[in-house]
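First up is the structure itself, then whatever we jot down about it.
The values are calculated or read from the model by the stated rules, or taken from the named source; none is laboratory data. Fair warning: this is a prediction, and the values are worked out from it, not measured in the lab. Positions of Cβ are backbone-derived with ideal geometry, glycine not excepted, and every protein chain shown enters the neighbour counts. Quick note on the areas: whole protein, heavy atoms, side chains included, nothing else; ligands and nucleic acids left out. Shrake-Rupley method; radii C 1.70, N 1.55, O 1.52, S 1.80 Å.
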Amino acid sequence: AVAETYRRFYPLFQESYVRLGYPDAYFNDRAVEVIDHLLLTPTEPLLLVRPHVLYEYADPELAALSSGQKLLLRMGGEHAERIKVVLRGLRTRIE
């Protein structure tokens, strides 16, 4: 259903993408790029430290991940893998 909705509204996505300042690019290319980026999120156990009030990642490489990747990390391994399965399926349908 998500892929069908994506295809239906793709012309609007593309038009908005052009208006955002990407006249020579395709929204679909960017969507696939973001999905690929999220699929590269590591699933290793997280080590956290609490130097002050808030927790931080002990591994600087994890701390440097994008917001989307950090969101997947916070979900936990099992849930992140479920999301990755959905992302893989969506990617094959929108390529």
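Residues in the range 65-84: is at least one hydrophobic (A, V, I, L, M, F, W, C), closer than 21 Å to residue 9 by Cβ and open to solvent by 50 Å² or more (accessible area, probe 1.4 Å)? Within the range 65-84, not a single residue is hydrophobic (A, V, I, L, M, F, W, C), closer than 21 Å to residue 9 by Cβ and open to solvent by 50 Å² or more (accessible area, probe 1.4 Å). Return the residues of the range 1-19 that are open to solvent by less than 50 Å² (accessible area, probe 1.4 Å) and of a type outside the set (Phe, Trp, Tyr); say none if nothing qualifies. 3, 14, listed by residue number. Scanning the range 20-37 for residues that are hydrophobic (A, V, I, L, M, F, W, C) and either closer than 20 Å to residue 83 by Cα or surrounded by 13 or more Cβ atoms within 10 Å (Cβ to Cβ) (or both) yields 25, 27, 31, 32, 34, 35.
Listed by position, the helices (runs of 4 or more DSSP H) inside the range 1-86 whose residues that are in contact with a Ser or Thr (Cβ under 8 Å, 6 or more places away or on another chain) number at least 1 are 27-39, 67-75.
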